[in-house]
Amino acid sequence: MPILEIKDNDKVLAIVITHDFNEEGIKFCTPNDYSQQLAYMHHPKGHIIAPHVHNPVKREVLYTKETLVIKSGLLRCDFYRNNHEYVSSIELNAGDVILLVDGGHGFECLEETEMYEIKQGPYTGDQDKTRFEPIR
């Protein structure tokens with residue numbers, strides 16, 4: 001299955017790498033101007049990634065971008081515009097990865113679900129997000 005872009009008109013709300021995606025080499029899924037990069041890597045046995053350190057590079061991050069890795073279960077992700085208007089939904093399965101890029105989002109666990117969340121920190125509590133009523 002391909003890498004999916006969830007859009008509202010021309011605005012990318014999320015990028016999904018499904019659990020069954022498979023492509024040799026490195027596939028960057030995000031443009032260079034995103035504050036969080038997402039890539040898929042598939043290398044053969046014996047491939048070496050050279051040891052390295054990351055140099056200090058100052059970056060400005062204005063909005064939090066979250067990445068979720070679904071470990072197990074089934075999760076519905078609902079997408080919203082910034083004005084809280086519902087756009088669409090997608091179901092995520094074990095092994096799927098989603099980068100939440102823009103707009104709003106909410107979730108419902110359709111099965112018992114385990115997931116990892118990766119985002120910029122530190123988390124600032126109520127300053128970090130505005131909560132609103134989900135779709136029914």
- For the chain, divide the Cα radius of gyration by the Kirkwood radius and give the resulting Rg/Rh value with two decimals. 0.98
- Message: Which order do the peptides 83-90, 122-129 come out in when sorted by mean C-beta neighbours inside 10 angstrom, highest first?
- Response: 83-90, 122-129
- Item | Within a Gaussian network of the chain (alpha carbon springs, distance under 10 Å), most fluctuating of Leu38, Leu74, Leu62 | Leu62
- Query: Using a Gaussian network for the chain with springs between C-alpha atoms less than 10 Å apart, which of these wobbles most: Ile70, Ile26, Ile48?
  - Reply: Ile48
- Long-range lysine pairs (8 or more apart or interchain), the chain, Cα under 23 Å: 17
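Quick note: the coordinates plus some simple rules give every number you see, no bench work behind them. Owing to the predicted nature of the structure, the values given are computational and were not obtained by experimental measurement. Quick reminder, even Gly has a Cβ in these numbers, built from the backbone with ideal geometry, and neighbours come from all protein chains shown.
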